[in-house]
Ligand SMILES: [Zn+2]
């Protein structure tokens, strides 16, 4: 067989070669130690001297031509493989994305955070206080003596002798007065409270409150009103109106329950406000001298105001929730709305 014919066959096989392994087989078949082209070199020695040179050149050129074709084919096969892989991996950017679910704050936590940022902005100092309180801080220091109905065993959770799960964050008042060593004080706290209430649409045995006090010289009810207006304008609406109704709390005098103009109807009257145009949001008043004295503050030199807010109540009004139990069942579908 002529060298040129062997080469032509070889090149033809390369052209029809489908993958890298087939190509490698061809390399061995032609250029390997016993390959079709390589073995021709061994035969050169058996030829007459005058023919050796021409034969040698022809074999070398054939080997080179075959090797070059092999290399070119190898590169082409590699590129083709890459193209196939890329086509398989390609991303269809017109497909809708997969939305990542991220966590978020519970509406109660969110309301507490909002109250905190408003009151800190008004110059109040925040601290946490214990949820398990002595009867003294929860009741006696707040002018609520032993015979008071609020101290009934059926209304409060007593843990052991003299200790009670705080029934209101108001229990922080005398702590704060003592901790801060007297007036001037602007302090508040927020957190869980406990009462022996059955769970229904508007009551829960565990709930949240925010309580604040300010003690200084010459504070008046006007200062309390200004503070509550400033808070309501941020919490509800800039033009929120407040209504003060005389009330009674053992730890303040005078005392007032405070209503805000209905957030649903702006005071026009609707089902949320039971057509009154007003929503009750908090209790407030001027701190009683007995409470100041318990906090080592001289009521002849200083006076103060206090207010307490039910966090669930505020969250229900802000988010239009009508059943308090929804806050505690941790239904993800419900919580995702906020
Ligand atoms: Zn209304």
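The values are calculated or read from the model by the stated rules, or taken from the named source; none is laboratory data. Values in this document were obtained by computation on a predicted structure and should not be read as measured data. Glycine gets a Cβ as well: all are built from the backbone with ideal geometry, and neighbour counts include every protein chain shown.
Every condition in (1) in contact with a strand residue (DSSP E or B) (Cβ under 7 Å, 6 or more places away or on another chain); (2) within 16 Å of the ligand (Cβ to nearest atom); (3) under 22 Å from residue 115 (Cα atoms) is met by residue 244 except one, and the failing one is (2).
Residues checked against (1) under 34 Å from the mean Cα position of the chain (by Cα); (2) surrounded by fewer than 16 Cβ atoms within 10 Å (Cβ to Cβ); (3) modelled with pLDDT under 95:
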position: 229; (1), (2), (3): yes, yes, no
position: 237; (1), (2), (3): yes, yes, yes
position: 252; (1), (2), (3): no, no, no
position: 269; (1), (2), (3): no, yes, yes
position: 275; (1), (2), (3): no, yes, yes
position: 307; (1), (2), (3): yes, no, no
position: 316; (1), (2), (3): yes, no, yes
position: 335; (1), (2), (3): yes, no, yes
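Scan segment 229-286 for residues that are part of a loop (DSSP other than H, G, I, E, B) and in contact with a helix residue (DSSP H, G or I) (Cβ under 9 Å, 6 or more places away or on another chain) and jot them down.
Of the residues in segment 229-286, the ones part of a loop (DSSP other than H, G, I, E, B) are 236-241, 250-251, 262-277.
The answer is 236, 239, 240, 241, 250, 251, 262, 263, 264, 272.
Can you find even one residue in segment 276-283 that is within 16 Å of the ligand (Cβ to nearest atom) and within 15 Å of residue 211 (Cβ to Cβ)? Scanning segment 276-283, I find at least one residue that is within 16 Å of the ligand (Cβ to nearest atom) and within 15 Å of residue 211 (Cβ to Cβ), so the answer is yes.
Just checking, does segment 304-312 include any residue being over 23 Å from residue 175 (Cα atoms), more than 16 Å from the ligand (Cβ to nearest atom), in contact (Cβ under 8 Å) with a residue 60 or more places away in the chain and not in a strand (DSSP E or B)?
First pass over segment 304-312, keeping only residues over 23 Å from residue 175 (Cα atoms): 312.
Narrowing further to those that are more than 16 Å from the ligand (Cβ to nearest atom): 312.
Filter again for in contact (Cβ under 8 Å) with a residue 60 or more places away in the chain, leaving 312.
If we keep only those that are not in a strand (DSSP E or B) too, we end up with 312.
Among the residues of segment 304-312, at least one is over 23 Å from residue 175 (Cα atoms), more than 16 Å from the ligand (Cβ to nearest atom), in contact (Cβ under 8 Å) with a residue 60 or more places away in the chain and not in a strand (DSSP E or B), which makes the answer yes.
Residue selection: residue 159 fails the criterion of being farther than 29 Å from residue 331 by Cβ, surrounded by 10 or more Cβ atoms within 10 Å (Cβ to Cβ) and touching a residue at least 60 places away in the same chain (Cβ under 8 Å).
The criterion of at least 1 residues that are on the phi > 0 side of the Ramachandran plot is met, among strands (runs of 3 or more DSSP E) falling completely within segment 103-209, by 185-194.
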